[in-house]
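Report on the following structure.
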Amino acid sequence: MSVNATQSISYVILTSKPGQYRTEPIGKLAPAETWDYLYCGRHLATFVIAALYGDARIRVTNEAEGGEVNDMPTRFLEKFSDRDEAFAALQILVGTRNQDALLRPGVTAVAR
């Protein structure tokens, strides 16, 4: 990821649900870390915290029959000022206070 000093970076959360749909970054959107969401031991979703540093889109691929593909602009996603703010929002989203909910570091995650 190459960013000049005047370019602002924000962070977004991409969501994929196994067997339903997956999201992929397109353009100036760099995955920073991945988190698997498990509830009662079942893998329900994968979240990617990604750095947004310019024009970008999200490719959403339906994994069910048909496999439709849609590209959507990032303007529809909530933006966060830094990685920690995005991760805090992710913890609220999945309800990690519930003992049955777990965010597990994925392949690119940085455990905190």
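For the subset of region 85-112 comprising residues that are in a loop (DSSP other than H, G, I, E, B), small (Gly, Ala, Ser) and over 13 Å from the mean Cα position of the chain (by Cα), which member is modelled with the lowest pLDDT?
Ala111
Can you work out which of the residues in region 29-80 that are among the small types (Gly, Ala, Ser) and closer than 21 Å to Gly19 by Cβ is nearest to the chain's Cα centre (by Cα)?
So the residue we want is Ala45.
Just wondering, is there one or more residues in region 65-73 that are farther than 30 Å from Asp100 by Cα and either in contact with a Leu (Cβ under 7 Å, 6 or more places away or on another chain) or of a type in the set (Gly, Ala, Ser) (or both)?
Looking through region 65-73, at least one residue is farther than 30 Å from Asp100 by Cα and either in contact with a Leu (Cβ under 7 Å, 6 or more places away or on another chain) or of a type in the set (Gly, Ala, Ser) (or both).
Name every residue in region 32-84 that is of a type in the set (Ser, Thr, Tyr) and assigned to a helix (DSSP H, G or I), in order of residue number.
Thr74, the sole residue that qualifies.
How about region 7-42: which of its residues are more than 14 Å from Gly106 (Cα to Cα) and of a type in the set (Ser, Thr, Tyr)?
Ser8, Ser10, Tyr11, Tyr21, Thr23, Tyr39 - these are the residues of region 7-42 that are more than 14 Å from Gly106 (Cα to Cα) and of a type in the set (Ser, Thr, Tyr).
Pairs, please: C-beta under 6 Å, at least 6 apart or cross-chain, first residue under 16 Å from Gln91 (Cα atoms) and surrounded by 15 or more Cβ atoms within 10 Å (Cβ to Cβ) and in region 23-46, second at pLDDT below 95 and of a type in the set (S, T, N, Q)?
So the pair list comes out as Glu33/Thr108; Thr34/Thr108.
Which one of the conditions (1) closer than 18 Å to Val48 by Cβ; (2) without any contact (Cβ under 8 Å) to a residue 60 or more places away in the chain; (3) not hydrophobic (A, V, I, L, M, F, W, C) does Arg97 fail to meet, given that it meets all the rest?
For Arg97, the failing item is (1).
The values are calculated or read from the model by the stated rules, or taken from the named source; none is laboratory data. What you see is a predicted model, and the numbers here were worked out from it, not measured in a lab. For neighbour counting, all protein chains shown are included, and Cβ atoms are generated from backbone atoms with ideal geometry for every residue, glycine included.
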